Amino acid sequence: MLSTIQAQSLKDPEIAELFSKEDPEKRFTNLRKVGQGGFGAVFFARDVHTNNVVAIKRMPYSGKKAMERWQGIIKEVRLLRTLKHPNIVEYKGCYLREHRAWLVMQYCSGSVSDLLEFHKMPLQEMEIAAIIHGALQGLAYLHSRAMIHRDIKAGNILLTPRGRVKLADFGFASMASSAKSFVGTPHWMSPEIILGRNEEQYDSKVDVWSLGITCIEIAEREPPLFAMNAMRALYLITRNNPPTLQSNEWSSPFRNFVESCLQKNPKDRPTSKKLLKHPFLLRERPTTVVTDLLQRAKEEKKRVLDNLRNRKTKKVLSQEAHQGPAAEAQEES
Ligand code: ADP
Ligand code: MG
């Protein structure tokens, strides 16, 4: 059935034009998996035409939800190709092969959430400010074009090897400035999306709420209520007072920034444009903050891997000592 739907929709020149006719397997080589999302895996690859590295999100559209997925892909591609901003991941094209869309984009070092997994220590406030500032600039651009991202979280904020901050993952984005559907990742969702009172529309302020939650996520390595299951978290988001940063060690501009984003009534929340003027983001910081952070992460990763390797070597050595050369010889034979 899907092949018919796909063939039908590709007859529409406006849709056919979204996809390149080239065979992606010939154009991209050295694929190596670097990430996994809800809609597909992300790979590092080399573009043989330009010899540049790229990232490829490979999204299948077969199986039970084939039609829905196919339409989701068309939506994401349509949206991505219109966006051009230093804080939005650069889109490079989309290819089709064997019921999979290959969405090609600029290669980044990984998401802020990948970084948190390696960094068991909390990030410094200056680093958080640099990341949130970049994400907010991307967000203000989206909002100025009457779009809503609807899935702002550390997993969807990427960092390039040169330390630039990029918003990514437009799978849930709305192309209209107001919307009604229940969309997002539960712990980051704003009260007004969850409550969704009949026919009432929400707007770009939902992204401002999620950005506030992302600040807490980065500072504390997980969003509020993360220990709860999604249903309970959704209920508590609407019932509880807005979450705040736990530790008193964060500065008052940072605490105030989070508080402004996390106003339960969207009318009390500043717009993304207004937030760009917040003192938390305007405090002076070296331009190398993010590259230094990436360097720190790299060293940390190397240290962890070296440790692991040492532990393994030690284990092998102690096993050998235990079994003795006779046992070894036996195993070999
Ligand atoms: P999903 O819609 O499935 O969540 P994402 O676009 O968020 O997919 O990608 C999933 C993960 O893949 C990200 O969290 C990140 O770790 C990695 N990733 C995505 N895009 C890139 C990219 N351009 N460069 C490097 N890694 C990426
Ligand atoms: Mg994602």
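The values are calculated or read from the model by the stated rules, or taken from the named source; none is laboratory data. Nothing here was measured: the structure is a model prediction, and the numbers come from that model. All Cβ positions, glycine included, derive from the backbone under ideal geometry; neighbour counts span all protein chains shown. With ligands, DNA and RNA removed, areas are computed over all heavy atoms of the protein, side chains included. Shrake-Rupley method; radii C 1.70, N 1.55, O 1.52, S 1.80 Å.
Given GLN201, GLN137, which one is polar (S, T, N, Q) and in contact with a Leu (Cβ under 9 Å, 6 or more places away or on another chain)? Walk me through how you get there before you give the answer.
On the way: GLN201 fails: in contact with a Leu (Cβ under 9 Å, 6 or more places away or on another chain).
On inspection, the qualifying residue turns out to be GLN137.
From the list GLY110, GLY93, which residue is away from ligand 2 (no atom under 15 Å from the Cβ) and either at positive phi or without any contact (Cβ under 8 Å) to a residue 40 or more places away in the chain (or both)? Step through it out loud before you land on a result.
Working: GLY110 fails: away from ligand 2 (no atom under 15 Å from the Cβ).
Residue meeting the stated conditions: GLY93.
Give ALA101, ALA129 a once-over and let me know the one that is under 30 Å from HIS49 (Cα atoms) and crowded, with 18+ Cβ neighbours inside 10 Å.
Values: ALA129 fails: under 30 Å from HIS49 (Cα atoms).
Exactly one of ALA101, ALA129 is under 30 Å from HIS49 (Cα atoms) and crowded, with 18+ Cβ neighbours inside 10 Å, namely ALA101.
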With respect to ARG150, is the statement that it is modelled with pLDDT of 95 or more and outside the structural domain of GLN71 (by TED's automatic domain parsing) true?
yes
Can you tell which of THR214, THR185 is within 21 Å of the chain's Cα centre (by Cα), crowded, with 21+ Cβ neighbours inside 10 Å and modelled with pLDDT of 95 or more?
THR214
Within region 271-304, residues under 23 Å from the mean Cα position of the chain (by Cα) and more than 17 Å from PRO161 (Cα to Cα) come out as THR271, SER272, LYS273, LEU275, LEU276, PHE280, LEU281
Exactly one of LEU136, LEU142, LEU115 is at pLDDT 95 or above and within 16 Å of ligand 2 (Cβ to nearest atom), and that residue is LEU142
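To keep it simple, each residue is scored yes or no on (1) free of Cβ contacts under 8 Å to residues at least 40 places away in the same chain; (2) within 10 Å of ligand 1 (Cβ to nearest atom).
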residue: ASP151; (1), (2): no, yes
residue: THR160; (1), (2): no, yes
residue: LEU167; (1), (2): no, no
residue: ALA173; (1), (2): no, no
residue: ALA176; (1), (2): yes, no
residue: PHE182; (1), (2): yes, no
residue: THR185; (1), (2): yes, yes
Given the condition among the charged types (D, E, K, R) and under 30 Å from LEU115 (Cβ atoms), answer yes or no: does some residue in region 63-75 qualify?
yes
Just to be sure I understand, how many residues within region 252-270 are hydroxyl-bearing (Ser, Thr, Tyr) and open to solvent by less than 30 Å² (accessible area, probe 1.4 Å)?
1
Subset of region 217-234, residues of a type in the set (Asp, Glu) and crowded, with 19+ Cβ neighbours inside 10 Å, comes to GLU217
Log entry, pairs with first residue in region 49-64 being farther than 21 Å from GLY35 by Cα and among the small types (Gly, Ala, Ser), second being away from ligand 2 (no atom under 16 Å from the Cβ) and open to solvent by 60 Å² or more (accessible area, probe 1.4 Å), beta carbons closer than 9 Å, six or more apart or on different chains, reads GLY63/HIS99
